[in-house]
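**Student:** I am attaching a structure below and will ask some questions about it afterwards.
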Amino acid sequence: MAEKVCRHCMRVLEGQTCVICGTSDLAEEWSGLVIILDAERSEIAKKLGVDIPDKFALKVR
Amino acid sequence: MSEDSQIFVIKTTANQERSVATALARVSKKEKLDIRAILAPDELKGYVLVEAPKSGIVELAIQTIPHARALVKGSSSIAEIEHFLKPKPTVTGIKEGAIIEVTSGPFKGEKARVKRVDEGHEEITVELFDAVVPIPITIRGDTVRILKKDNE
């Protein structure tokens, strides 16, 4: 199944709803993939304001 | 002891950036490697950026990953790749009056003049040159190529 992105938290998901926000406002068109593995020590995570390791999109339409 | 993060660049097969990134994340979790983040911006074709403290970690991780071809020598700082984290709208640089060529869709190959730019929706409204009657059509900002910036 195609991966979708939550328009609120930018998480890349596989289901129909975002597990964190609980919303079903998902975008099918997105670009740029960021995978945060260590949110505490990652500089990229800090710049993006992410504190939970997950997959994120950089941009949604 | 936490060491400073550096950015390493992996060369990948074109269009396999996302699969390399996901595979790298999987390997890193399985082997408990100190890879902190993986970045695959769409603007950067054929490359994946990895945030880790040492190049050896990344070198080790990519050994078993298909489509990951090589680790580019040297490293970058976070500041150098920061602009990838804030992508610009695709219509940036397109101005009213510019001449564009449509690159996909039913009007592929047609030349047109930009009438309106909608930054929020990343759409532009254009009028085709070859149309007998000028009808404004709205198309996506990423399906055009700019031929002439301004009509002066």
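The values are calculated or read from the model by the stated rules, or taken from the named source; none is laboratory data. Just so it is clear, the structure is predicted and the values come from calculations on it, not from any experiment. FYI the Cβ positions are ideal-geometry reconstructions off the backbone, even for glycines, and counts take in every protein chain you see. These area figures cover heavy atoms from the full protein model, side chains too; ligands, DNA and RNA do not enter into them. Shrake-Rupley method; radii C 1.70, N 1.55, O 1.52, S 1.80 Å.
So that you can scan it fast, the table gives a plain yes or no per residue for (1) at pLDDT 90 or above; (2) closer than 22 Å to A:V60 by Cα:
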position: B:G105; (1), (2): yes, yes
position: B:R113; (1), (2): yes, no
position: B:V117; (1), (2): yes, yes
position: B:H121; (1), (2): no, yes
position: B:V133; (1), (2): yes, no
position: B:P136; (1), (2): yes, no
position: B:K148; (1), (2): no, no
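**Student:** I'd like the residue in the stretch A:6-28 that is aliphatic (A, V, I, L, M) and touching a residue at least 12 places away in the same chain (Cβ under 8 Å) and, out of all such residues, is nearest to the other protein chains (Cβ to nearest Cβ).
**Tutor:** Only one residue tops the list, namely A:V12.
**Student:** Given the condition of a type in the set (G, A, S) and free of Cβ contacts under 8 Å to residues at least 24 places away in the same chain, answer yes or no: does some residue in the stretch B:12-28 qualify?
**Tutor:** yes
**Student:** Among the numbered criteria (1) assigned to a loop (DSSP other than H, G, I, E, B); (2) surrounded by 15 or more Cβ atoms within 10 Å (Cβ to Cβ); (3) more than 8 Å from chain B (Cβ to nearest Cβ), which one does A:F56 miss?
**Tutor:** Tallying (1) assigned to a loop (DSSP other than H, G, I, E, B); (2) surrounded by 15 or more Cβ atoms within 10 Å (Cβ to Cβ); (3) more than 8 Å from chain B (Cβ to nearest Cβ), A:F56 fails exactly one: (1).
**Student:** Name the single residue that is nearest to the other protein chains (Cβ to nearest Cβ) among those in the stretch A:29-46 being open to solvent by less than 20 Å² (accessible area, probe 1.4 Å), not polar (S, T, N, Q) and not in a strand (DSSP E or B).
**Tutor:** A:I44
**Student:** Follow-up question, since we're still on this one. Criterion first (free of Cβ contacts under 8 Å to residues at least 60 places away in the same chain, open to solvent by less than 30 Å² (accessible area, probe 1.4 Å) and in contact with a strand residue (DSSP E or B) (Cβ under 7 Å, 6 or more places away or on another chain)) does B:A61 satisfy it?
**Tutor:** In short, no.
**Student:** So how many residues does the stretch B:5-48 have that are under 14 Å from the mean Cα position of the chain (by Cα), open to solvent by less than 10 Å² (accessible area, probe 1.4 Å) and more than 7 Å from chain A (Cβ to nearest Cβ)?
**Tutor:** 2
**Student:** Examine the stretch A:10-21 for a residue that is closer than 20 Å to B:P41 by Cα, surrounded by 13 or more Cβ atoms within 10 Å (Cβ to Cβ), out of contact with any strand residue (DSSP E or B) (no Cβ under 6 Å at 6 or more places or on another chain) and not basic (K, R), and state whether such a residue exists.
**Tutor:** Among the residues of the stretch A:10-21, not one is closer than 20 Å to B:P41 by Cα, surrounded by 13 or more Cβ atoms within 10 Å (Cβ to Cβ), out of contact with any strand residue (DSSP E or B) (no Cβ under 6 Å at 6 or more places or on another chain) and not basic (K, R), which makes the answer no.
**Student:** Could you grab me the full set of residues in the stretch B:71-124 that are within 12 Å of B:G141 (Cβ to Cβ), surrounded by 16 or more Cβ atoms within 10 Å (Cβ to Cβ) and touching a residue at least 40 places away in the same chain (Cβ under 8 Å)?
**Tutor:** Selection gives B:P89, B:T90, B:V91, B:I94, B:A98, B:I100, B:V102.
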